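Chemist: Structure below; questions to follow.
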Amino acid sequence: MSVIARREVELDSFWSRARCQLPDLPEQRPEAWAFGATKEDADELLALVLDGTKTGTASALWDIEADGESVPEMGELSIIFDGQGRPRALIETTAIDIVPFSEVTAEHAHAEGEGDRTLAAWREIHERFWRQHGQRGFSPEMPVVCERFRLLFSAEDEPRNSAPGVDSGGSNE
């Protein structure tokens, strides 16, 4: 099985398990993506989501537009990959605010959960990130999409003693 086919199977399985836990979820599987630009970033930031520290993220509007993507919307669902490309979490967008980089708030910086959670740390981390990975670089006036979200489901939410389709030794009688 190809890597792409295996990823699709893993995504479908994750989505099915999430829908079993949360039956009001739509049938259509949402978009899946990873935080950051590296496998290490993806794992580190996902860990912050899973432990409840990270409830926000930021994207350069310039990059969203250059990629032909849409700005996230309130209520939008996303499956989050770990650094190995495995689906690990389901989040729901709860708020969106587009502001210049220089106007991102200390509250948003704290919600992102990175570094010491201060605005100064957020600015340093994100300026460096967009200078290295942004499609149009960095500017203090660049528009930033500040997204807040909540964790709805994670692979860790599932019972540890059984897997789908595996008999856990219990009786159905």
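Chemist: Working only within region 28-59, note down all residues that are among the aromatic types (Phe, Trp, Tyr) and either open to solvent by 20 Å² or more (accessible area, probe 1.4 Å) or over 23 Å from Arg131 (Cα atoms) (or both). So that I can check it myself, show each step before the final result.
Modeler: Let us first name the residues in region 28-59 that are among the aromatic types (Phe, Trp, Tyr), namely 33, 35.
Within region 28-59, just Trp33 meets the criteria.
Chemist: Check off (1) under 18 Å from Gly134 (Cα atoms); (2) in a helix (DSSP H, G or I) for Ser70 and give me the number that stays unchecked.
Modeler: Among (1) under 18 Å from Gly134 (Cα atoms); (2) in a helix (DSSP H, G or I), the lone unmet condition for Ser70 is (2).
Chemist: Residue by residue through region 1-51, note down the ones that are in contact with a Leu (Cβ under 8 Å, 6 or more places away or on another chain) and of a type in the set (Lys, Arg).
Modeler: Across region 1-51, the qualifying residues are Arg19, Arg29.
Chemist: Spot the failing condition for Ser59; the list is (1) of a type in the set (S, T, N, Q); (2) within 22 Å of Val104 (Cα to Cα); (3) assigned to a loop (DSSP other than H, G, I, E, B), and only one is missed.
Modeler: Single failed check for Ser59: (3).
Chemist: Provide a single number: the residues in region 94-140 that are surrounded by fewer than 13 Cβ atoms within 10 Å (Cβ to Cβ) and polar (S, T, N, Q).
Modeler: 3
Chemist: Being touching a Pro at 6+ places or on another chain (Cβ under 7 Å), crowded, with 19+ Cβ neighbours inside 10 Å, under 22 Å from Asp41 (Cα atoms) and of a type in the set (Val, Ile, Thr) narrows it down to one residue among Ile79, Ile91; which is it?
Modeler: Values: Ile91 fails: touching a Pro at 6+ places or on another chain (Cβ under 7 Å).
Step by step, each of Ile79, Ile91 is checked, and only Ile79 is touching a Pro at 6+ places or on another chain (Cβ under 7 Å), crowded, with 19+ Cβ neighbours inside 10 Å, under 22 Å from Asp41 (Cα atoms) and of a type in the set (Val, Ile, Thr).
Chemist: Against the condition surrounded by fewer than 18 Cβ atoms within 10 Å (Cβ to Cβ) and over 30 Å from His108 (Cα atoms), how does Ala5 come out, does it pass? Full working, then the answer.
Modeler: Numbers: surrounded by fewer than 18 Cβ atoms within 10 Å (Cβ to Cβ): yes; over 30 Å from His108 (Cα atoms): yes.
So Ala5 fits the description; yes.
The values are calculated or read from the model by the stated rules, or taken from the named source; none is laboratory data. Everything quoted here is computed from the prediction, not taken from an experiment. Reconstructed Cβ throughout: ideal geometry from the backbone, glycine too, with neighbour counts over all protein chains shown. Side chains included, ligands, DNA and RNA excluded: accessible areas come from the protein's heavy atoms. Shrake-Rupley method; radii C 1.70, N 1.55, O 1.52, S 1.80 Å.
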